[in-house]
Amino acid sequence: YGDVGFTICTALARSFADIGDIIRGKDLYLGYDDKEKNRRQQLDEKLKEIFKKIYEGLKGDAQTYYNDNDKDGNYYKLREDWWTANRSTVWKAITCDAPHDAQYFRGTCVGDGEHSTLAKKQCRCDGANIVPTYFDYVPQYLRWFEEWA
């Protein structure tokens with residue numbers, strides 16, 4: 001297949017977006033059977049525990065800022081900001097074993113100021129830790145429409 005590099009980067013971008021939804025508590029997929037639903041619920045509970053610990057480690061104004069008054073302890077605002085701060089590291093991790101010639105399907109990297117360039121090596125932008133996709137900010141149901149169309 002001549003476009004394998006593009007296909008791999010697109011698949012990784014979709015997985016990356018799904019991970020972002022899970023981290024931020026926005027994932028619509030709840031599981032297809034009882035076993036999967038149970039595993040999904042365990043994951044959600046574990047993420048709540050993790051973000052509770054992060055929240056409890058915050059001091060003063062930061063803790064006030066992230067107090068969502070959410071009786072279920074989801075810490076949505078904290079999760080959103082954590083994702084924003086760490087998304088480039090997650091992208092780097094998810095693409096670490098991508099083929100060296102794998103390219104993202106369109107120019108999304110900062111180029112010469114006028115033109116965007118392709119993420120050419122391991123689905124990454126040259127010389128910058130920039131995530132070449134914004135799929136993680138597209139609502140999941142819209143991504144599903146595109147993916148399943």
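Each reported figure results from applying straightforward, stated rules to the coordinates on display, with no laboratory input. Everything quoted here is computed from the prediction, not taken from an experiment. All Cβ positions, glycine included, derive from the backbone under ideal geometry; neighbour counts span all protein chains shown.
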Cross-link reach list, lysines versus residue 120, counting only Cα pairs under 17 Å and skipping chain neighbours closer than eight places | 92
Past 25 Å, Cα to Cα, is the threshold; run 26/121; 77/121; 26/48; 26/71; 46/77 against it and keep the listed order.
-> 26/121; 77/121
For the peptides 41-51, 75-85, what is the packing order when you average, over each peptide's residues, the other Cβ atoms within 10 Å and list the highest mean first?
-> 75-85, 41-51
Quick one: putting +1 on the C-beta of Lys and Arg, -1 on the C-beta of Asp and Glu, what dipole do you get for the chain around its Cα centre, in Debye to the nearest 20?
-> 300
Here the tail fraction of P(r) beyond 20 Å, over all Cα-Cα pairs of the chain, rounds in percent to 57
